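Let me begin by presenting the structure, written as structure tokens, before commenting on it.
The values are calculated or read from the model by the stated rules, or taken from the named source; none is laboratory data. Predicted model, so just to flag it, every value in this text is computed and none were measured. Cβ placement follows ideal geometry from the backbone for every residue including glycine, while neighbour counts extend to all protein chains displayed.
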Amino acid sequence: MPPPPISVVLFDLGGVVCPFDPAPRLTRLASLSQLPEHEVQRRICESGLTADFDRGRYTSAEWHEIVCKELGINVTPDEFEDLMLSILTPDLEVLALVDQVRTHTRVAMLTDNPPLLLEAIPHRFPELLGRFDPMLFSFQFQALKPSAEAFERALARLDAPAHEVLFIDDTAANTEAAAALGMQTHHFTTAAALEAELRARALLDR
């Protein structure tokens, strides 16, 4: 039996469209602050500050100020942006698949990320422009995946029924939560596996 029809393919960003490696950023912040890496991790991530930023509780300027204060560092806004976003690199193989899918159906994005990333896309990640309609960010919804609120608000913005949305994410908890709401899902592992999934669903050029 063929899979149900899809009206929207919804991509995650970090780990799918853009592989990411936070280790160099942690090392750089530790060097600048003269703090151990585990202490940087505790102050910025384990404390909940990063999640609060992704939820939209701070502007980019406020986040810059908070991180500098917490770590005792002094960097310019441009240097801060580079530090925070250098962990992401667009995957050209996945973007090529996105372009093919767009010829068959609508493509959108849902990502747990802060205003800093959205503001930086035009000059830092121009490859993403024009490929996703729309680009949905957690800070816009004040909710993070895998919460039901994040997916429900995304579906409302997409104006699409859950069963017509194929959600692609590299985190199993996220795809499981989406599936619980009736969305079709693919747990991303590699571009090759994603290509096979999309081809099986007739969402790629033959």
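Checked against (1) assigned to a helix (DSSP H, G or I); (2) surrounded by 15 or more Cβ atoms within 10 Å (Cβ to Cβ), VAL75 meets all criteria but (1).
If you go through region 29-59 and keep only what is in contact (Cβ under 8 Å) with a residue 60 or more places away in the chain and at positive phi, you end up with just GLY56. If you filter region 167-206 down to residues that are basic (Lys, Arg) and touching a Lys or Arg at 6+ places or on another chain (Cβ under 9 Å), you find that the one that is surrounded by the most Cβ atoms within 10 Å (Cβ to Cβ) is ARG199.
Search region 157-170 for residues being in a helix (DSSP H, G or I) and free of Cβ contacts under 8 Å to residues at least 24 places away in the same chain, and hand back the single one that is nearest to ILE121 (Cα to Cα). The extreme case among them is ARG157.
Just to be sure I understand, how many residues within region 25-57 are touching a Phe, Trp or Tyr at 6+ places or on another chain (Cβ under 7 Å) and in a helix (DSSP H, G or I)?
Our first condition is that a residue be touching a Phe, Trp or Tyr at 6+ places or on another chain (Cβ under 7 Å); within region 25-57, this holds for 52-56.
This time we only want the ones that are in a helix (DSSP H, G or I), so: 52-54.
The qualifying residues number 3.
With the requirement that a residue be charged (D, E, K, R) and closer than 27 Å to LEU136 by Cα, what does region 1-46 give you?
Selection gives ASP12, ASP21, ARG25, GLU46.
To keep it simple, each residue is scored yes or no on (1) without any contact (Cβ under 8 Å) to a residue 40 or more places away in the chain; (2) surrounded by fewer than 16 Cβ atoms within 10 Å (Cβ to Cβ); (3) within 28 Å of PRO126 (Cβ to Cβ); (4) in contact with a helix residue (DSSP H, G or I) (Cβ under 6 Å, 6 or more places away or on another chain).
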| position | (1), (2), (3), (4) |
| --- | --- |
| GLY15 | no, no, yes, no |
| ALA23 | yes, yes, yes, no |
| THR27 | yes, yes, yes, no |
| ALA61 | yes, yes, yes, no |
| LEU71 | no, no, no, yes |
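Just one of (1) free of Cβ contacts under 8 Å to residues at least 40 places away in the same chain; (2) over 16 Å from the mean Cα position of the chain (by Cα) fails for HIS187. It is (2). A single entry from LEU110, LEU144, LEU116 fulfils the requirement of being surrounded by 15 or more Cβ atoms within 10 Å (Cβ to Cβ), touching a residue at least 40 places away in the same chain (Cβ under 8 Å), in contact with a Leu (Cβ under 6 Å, 6 or more places away or on another chain) and in the same structural domain as ILE168 (by TED's automatic domain parsing): LEU110. Quick check on SER86: is it surrounded by 14 or more Cβ atoms within 10 Å (Cβ to Cβ) and at pLDDT below 95? For SER86, the condition - surrounded by 14 or more Cβ atoms within 10 Å (Cβ to Cβ) and at pLDDT below 95 - is met. Exactly one residue out of ALA154, ALA108, ALA143 is modelled with pLDDT of 95 or more, of a type in the set (Gly, Ala, Ser) and assigned to a helix (DSSP H, G or I): that is ALA154.
What number of residues in region 2-21 are more than 14 Å from the chain's Cα centre (by Cα) and assigned to a loop (DSSP other than H, G, I, E, B)?
Matching residues across region 2-21 total 6.
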